[in-house]
1. To make sure I understand the rule: partners must be lysines, Cα under 22 Å from the Cα of LYS221, and not fewer than 8 residues away in the same chain. Which ones qualify?
2. Please report the net charge: other residues with Cβ closer than 10 Å to the Cβ of LEU289, K and R +1, D and E -1.
3. Excluding THR149 itself, calculate the net charge of residues whose Cβ lies under 12 Å from the Cβ of THR149, where each Lys or Arg counts +1 and each Asp or Glu counts -1.
4. Hey, fewest Cβ within 10 Å first, where do PHE175, PHE114 land in order?
5. Explain nothing, just the number: dipole magnitude of the stretch 78-169 about its Cα centre with +1 on each Lys and Arg Cβ and -1 on each Asp and Glu Cβ, in debye rounded to the nearest 20.
6. Hey, any idea what the orientation-averaged projected area of the convex hull of the chain's Cα atoms comes to, in nm²?
7. At most 15 other Cβ atoms within 10 Å and a DSSP loop assignment: could you name the trypsin sites (Lys or Arg not before Pro) in the stretch 201-293 that fit?
8. If packing is taken as the mean number of other Cβ atoms within 10 Å per residue, what is the order of 140-153, 180-193, 67-80, 14-27, highest first?
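Readers should treat all values here as calculations from the given coordinates under stated rules, not as data from a laboratory. Since the structure is predicted, the reported quantities are computational estimates derived from the model, not experimental observations. We place every Cβ from the backbone using ideal geometry, glycine too, and count neighbours over all the protein chains shown.
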Amino acid sequence: MLSREAFQEKVKTGLRLLDGATGSNLRAAGMPKGCCTEQWVLEHPEPLIALQRGYAQAGSQIIYAPTFQAQPIALKAVGLENQTEAINAALVSLSRSAAPGCLIAGDLTTLATFCDSWDPKCFDLLVENYRRQIRGLMDGGADLLAAETLLYSQEAEAILTAAELEGAGAALYTFTMQPDGSLFSGADAAPILRELEQAGAAAVGFNCVAADNMTPYLVSKLRRYVKIPLVCKPNAGIPVINDQGIAEYDMEPEAFRDIILQCKQNGAYILGGCCGTTPAHIAAVKNALGPCL
């Protein structure tokens, strides 16, 4: 696994482009709503492989393994908690086979659905869940960790603690935020990102924020607080819920590209897409950046 310093050096020399959405694209490829994504991918690897190859061809340099909720407390719902480490390792290996020229990030996320992750009393539970997941990600050969869609500072602290205890290397931390830079808990995100920088994060920023004309402003605000690489990974606009209760996104790649370019101008170093984005969105960004990537 890359060290923080090695990862940041790669960013300085042109490592900038993340992938886009995974879940919304897998649902479009036939994954049932409400299933365990990790289990479904292992049973149906072809759509994931095709998607990740598409991102690599579009220009993505970092691919997120589909381990979003591969923690014991989440896998328990389908009776797979005892296979946590093996599932994480297998999904990293699958992503490596799909995109051998890319860095593979082990993906971790909020556990708020399964426990009161804002409550200090639950900190030990968070750490243990993330430790087991990180152990599996490292067994699978992940190049770095990507903690995304975080809701509370306690979750980031737990992941940082777990990563240190497991001897992991570079880790990115991104929160879902309001347009004014506050977390959904109401806390101001900027000081939290600065604390993560001081604690050893390799990069910080946001994901799962609707891409609109406020997104570059959010980058500007956060940039003033941190010196490490800033991550910008927004959604393809604002979702509309269809008749099946599934979120749909209609921002075209060109409109997404224009917002991402403004974010880059305002100080975002690591760029990508979240919900609703596709390889076409990433390709539009890559083609616009060209040799300036």
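1. The qualifying lysines are LYS12, LYS233, LYS264.
2. Summing Lys/Arg as +1 and Asp/Glu as -1 gives +4.
3. Net local charge, THR149 excluded: -2.
4. Fewest to most other Cβ atoms nearby, the residues stand as PHE114, PHE175.
5. Dipole size: approximately 260 debye.
6. Spelled out: convex hull of the Cα atoms, projected over all directions, averaged, 13.3 nm².
7. ARG224, LYS227
8. Final packing ranking: 140-153, 14-27, 67-80, 180-193.
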